[in-house]
Every structure is written in C-alpha cells, then in structure tokens.
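These notes concern the structure reproduced below.
The values are calculated or read from the model by the stated rules, or taken from the named source; none is laboratory data. Since the structure is predicted, the reported quantities are computational estimates derived from the model, not experimental observations. We place every Cβ from the backbone using ideal geometry, glycine too, and count neighbours over all the protein chains shown. In case anyone asks, the SASA skips ligands and DNA or RNA and just uses the protein heavy atoms, side chains included. Shrake-Rupley method; radii C 1.70, N 1.55, O 1.52, S 1.80 Å.
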Amino acid sequence: MNLAKFRTLFATQTRRQWWLLLLVLAALAGYAGVQSYLEHQNIAREETSRLQTQVRVADQIFTAQVRSADAALRTVIDSVDRWRGPEGYLPFAHEHLRRVEKMMPGIRTFAVLDAKGVCQLSNQSGLLGMDLSKRSYFLDAAAKPDKAPLHVAPPYRTVLGAWAVTISRAIIGPQGQFDGVVVATLSPDYFETLMQNLSYSPDMRVSLVHDQGQMYVSAPLSEELLKLDYSKTNSFFEKHLSDGQLESHFEGISVDHLHRMVHMRTVTLDELQAKHGFVAIASRESAHVFSQWRRDAIDQLLLLGVVSALACLGLAINQRVAAQLQGKAQAAEQAMRASNQRFEHVANTIPCVLFDLEFAALNDARVLYVGPYCQTLLGMSPEALVANPQSMLANIHHKDQQHVVEAHNQAFTHRSGYECEFRYFLSANNQRWLKISASISPGSAGQQTLWSGFMYDITDSKQRLDTLHELAYRDPLTGAENRRAFMEKLDAECLRTQRTGNSAAVIMLDIDHFKRVNDTYGHDAGDLVLKHLVAVLQGGLRRIDTLGHLGGEEFAVLLPETPLPAAAELAERLRALVASQPAPLPSQQVSFTISLGVAPISPGTGKSSVALKQADTAMYQAKHSGRNRVCVASTGTGPDSGDSFALSPVNQT
C-alpha cells in the first residue's frame, strides 16, 4: 500500500472512531436528559397533588367553620324575641353569646344590630351602643331585607383593630319588616393556625382570599400581601376566577415576586346560599420543590462530563499511538526523498526567506539560494535576488545600510554567525522592519565560507516594543512623560552640566486648588483639566524642553541650556498662558491657575534630587505667598550648598 492510500485509510478510521464516540456520548446524554425530564415531570405531578390535597382540606375546614357559625346565627335570630326585655336585651343574652363564642374557637365576636345599625347585643361589651350602620353587611341587608342569603363580607380591620371576616344574616320581623342584622366575626388567628398546620415546607404558603380580592389569612403571615387587592393585580387569582373552574393550577411569578407552583380552589359556600365565597390557595417556591432534582441533574451532568472526558482522552491517546506508528512509516518513506524536496517544502510553509550565502573574500558575497517567500517579503523574485544581491541593499534604509554591510563583514572576518535588524522599503510608503539571522555552515573550508540563515519580518515586534516603551515612559492620561522618564532625563542633564559647565533649570508647578475642581466638577472634569494644562504648557515650551507628570496635579519642566533668569521668564509666561486659557468642559469652562517654583541646575548642584527639591520648595513658597505666581530658588555652586537658597516671587498677580 502506498503512502497516500495509507494516510487516507488512517484518516478515515480516525474520523469514524470519533463519530462513533460522539454518537455513544450523545445517546448517553439524551438518555440522561430524558430521564431527568421525566423525573422533573413526576416531581411536578406529585407536588401538584399535594397542593391539591391541602387546598381541599382548607376548603373543608373553612366551610365547616362557616357552617357552624351560620347555625349559631340562625339560632340567635330564632331567639332574639325571647331575649328582649322591657329595657332591651336581658343580661343572660349577653352571657349566652359569650358562652357560644368560647365553644366555637373560630368565632371572635357575635353581635346583634337593630334596624338603625346600633349594636344592642354582643359578647364583646366594647361594641354595645356602637353605630355600625356603615358596614357593608348592614347596608346590603337593609337595602334588600331577606333572611335567606348569608352575607360574607370582604376582610377588613375591625373597630378593635384586628383583621376579620364577618358573616351575617338579616333579622326579619313578624310583618316582614327589616328588624336588624345578626353578625359573627371569624377569628383570623384560629384560621392562621390551621393554615400553618397545613404547611409541610418552610417555603410553602397557604392562604384564604375573599372572592372580591382581599386576603383574609395567610401562613406565613405577610402584612404586605394582606394589603393587596388581588382582583387588580393581574395575578393567578384573577385568572382562576375568570376561568370559572372549581380548581386551577398555575406556575410562574407570584404576587410575592417569586416563581411558585400555585393551586387554587374556590370555597363556594353554595349550600349556605352565601352571596360571596373564598379561594383557598396553596403554593410552594419552584426553586425549593426542584432543589433535589437540580442537584441530581448537576451530579449527572458532571458524571457525564467526566465520562466524556475520559472517553475522549482514551481515544486521543489511542490515536496518538497510532499516529506515532504512522509517523514511523512515513519517515521510512520520506527518507527516500531528495533532501532538496524536503527543504523546498519547509521553505514554502514558513513566513521567512531561507538563504545560503557564500563569501569568497571580504565584500565579495554570492547568493546561492533564496526561498520562495522572497517575493512576498522583499517584493522581488528569488531569481532576481540571486542574480543581483545589491538590488536588495538599495531598498534598505540609508541609515541602516552601513550596519548591514558591517555585520556581514564581521561575520566573515571572525568566521561566526551574525544577526542584524534593518528597515526595508517594499515601496515608497511601505516600510517594514526585517531581521537576518545566519550561522556558518559546517561544510565551509579554506577561504570560502558558507552561511545558512533566514530573514523574517519583525515589524509587529518593533511596534509592540515601541508601544511598551511609550507605556513605560509616557503618562497615559496627559501624554506628558511620566516620573520615571523625567527623572532619567533630569539625571542626565545634571551629569551634562557637571561635564560641560553649562547651566540649566528645572520648574516644579502645581494646580492651585485642584481638589476644589475635583469636588465641584467631578474627577472626570479634573482629568480634562490635567489634559488641558499639558496642552497649554507644551504650546509654550521649546522642542528641547521636557514636560513631566510627577503625580496627581504636580508637573515638572526640564529646561536644558537655560540660565536661571530666562527660566524664570519662561515660567512666568507659562503661568500667564494657563491663567488666560480656561479648560473647556462639556458644559462650561473652568478657569484655574498654577503656582511655579524655579531652581537652577549648575555643575555644583550634584544630584538631581537637590535641584528638584529646591524647585519644589520654591513652588510651595509660591503657594504660601498667595498662589498663581512664580518663585525662584537661587543656590551656590559648592557641593554643600544645595540646601541654602533664597526664594523670590516673579510678576506676582
């Protein structure tokens, strides 16, 4: 079997193995996903069934309690005539109601109202004589006197300050006239306890809501939910009533802004001929319901991931061993190929120009071979470069030509390898950086020396180095030189003045009340002020001067070849420029001033820190003297005179 057929067969087998593995893993993942989905659905069905059971129990409990309370109301209606005396209800009637209330834990209050709505009889003495004619249950009964319907009022806060639901029946006299209302108030505490007993999870909520939208009781208790009108919240409650179903199940964001599973059942009270009813609601947070399922799903997913990774790793190792065996077979066949073909293959696949160069004598070089990338890199064919090596030298930057020639000559002289970098013009507007790296070939003998090497494009590397240099020596905010770059130039200038005897100067400057700018306009405005300051200062400096940002609002200016009086005059011009050019902000202009300190640099200054300290002290003297001014430090030339200087303001404003 030849090499081409062997490679094709091996690649086909490799792909088949991976496709088979992916198919198995996909089937395994699909099976796990289906099982997880079925488990999720099963949990949802079971939880729905439990919630359904709880609302049905709540329905039965509440209906039984209302039925008992209604029976008590009917008994009271049948007895009111016998309980009346010449001066009102007899004392035993009040005591009878108190005994009935104690026997019925779900009832808080019994009361009998006369035809005017005044409470005449009650187990709560605080209600006696109270006018309750504005209550909805009294108004409804007075408007349509009928002893048949049971009136179930929406929950409300009673005169005693508690939430309550009242059930009432009209009292019809012997002549069919409206004779008053008998009322029973249901106790929310009792029903809250019952709702708590129905709750089997901390995240569960069991509630009773009046069909007009007002919550009566909820476990756990929530004052916020008690205040809501559920008929106006576009909630599950409204959807349940509009559907007209006895029971409804919902999943989604509930009124407490949590994702819940909600089951509702209408408590109709039809057998009592009640005008209104309640809705029993049981719900649980979906996150808690499916928490164990979610953990199991994550565990299964992690297990599937581990199994997949191990399977892929095993297949990869197996194929790597097979590839190594294939490589050995290929190497045996490739050994039969000519070395020139191998070399050409390499030359066509790497982005550099391979070459062989022979030196017979100094300045006598002959190009033996050039790779095909020569056309892309140098803009000339390999044949043209072999025929005329000087044609490449003509396109090298004139400042780099001598450097390239010397590198070649030194390599020939010392019989060693060499490297050199140079700028090359592919066209008038297309300059790139190239690098040559060559080593002497082992076959060189006598006067003839052979070098083999390569030439490649390093333009990107040069640009990155330039960028790194800019980041290392330039302040990114203002564009001025940073402290490191400035101090290096200041050190060099001090050494130069010591060597030549010439003079120079340094200026320290600081924005007056810069903190006030930041506090008033914000730090973004402060940054714009710093940028504007640098632009103004650079407009007033010479090309040989250096502006440095030392930190915060402090800047320094190095003035080479500048005596102290000229430096002071320049500092004053800079001060005036800054004072006359407010910083333009997006919404307004901000005027500001600077204080400057000028210090000389002389052969006797010594360290750069001495001159900088003198300028800094002069600057602070300018600040202490009123700001927006220039102060000049003068000092002797001896090595011990750096700390003895005088300060004088220039052109004070």
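Worth pointing out:
- Within region 192-227, the set of residues being in contact (Cβ under 8 Å) with a residue 60 or more places away in the chain, hydroxyl-bearing (Ser, Thr, Tyr) and open to solvent by 50 Å² or more (accessible area, probe 1.4 Å) comprises just one member, TYR200.
- Meets criteria (of a type outside the set (Lys, Arg), assigned to a strand (DSSP E or B) and at positive phi) for GLY176: no
- Every residue from region 334-366 that is in contact with a strand residue (DSSP E or B) (Cβ under 6 Å, 6 or more places away or on another chain) and at pLDDT 70 or above: CYS352, VAL353, LEU354, PHE355, ASP356, LEU357, GLU358, PHE359, ALA365, ARG366
- Filter result (in contact (Cβ under 8 Å) with a residue 24 or more places away in the chain, open to solvent by less than 20 Å² (accessible area, probe 1.4 Å) and within 55 Å of the chain's Cα centre (by Cα)) within region 355-402: GLY371, LEU377, LEU378, ILE396
- Considering only residues in region 102-154 that are open to solvent by less than 10 Å² (accessible area, probe 1.4 Å) and of a type in the set (Gly, Ala, Ser), the one that is nearest to the chain's Cα centre (by Cα) turns out to be ALA153.
- Comparison of SER461, SER452, SER439 shows that the only residue that is small (Gly, Ala, Ser), in a helix (DSSP H, G or I) and open to solvent by 20 Å² or more (accessible area, probe 1.4 Å) is SER461.
- Residue list for region 179-191, restricted to those being assigned to a strand (DSSP E or B) and either hydrophobic (A, V, I, L, M, F, W, C) or open to solvent by 50 Å² or more (accessible area, probe 1.4 Å) (or both): VAL181, VAL182, VAL183, ALA184, LEU186
- Unmet requirement for LEU477, which otherwise passes all of (1) of a type outside the set (D, E, K, R); (2) in contact with a helix residue (DSSP H, G or I) (Cβ under 9 Å, 6 or more places away or on another chain); (3) open to solvent by 30 Å² or more (accessible area, probe 1.4 Å); (4) modelled with pLDDT under 85: (4)
- Screening region 155-172 for residues that are open to solvent by 10 Å² or more (accessible area, probe 1.4 Å), part of a strand (DSSP E or B) and not aliphatic (A, V, I, L, M) and picking the one that is modelled with the highest pLDDT gives TYR156.
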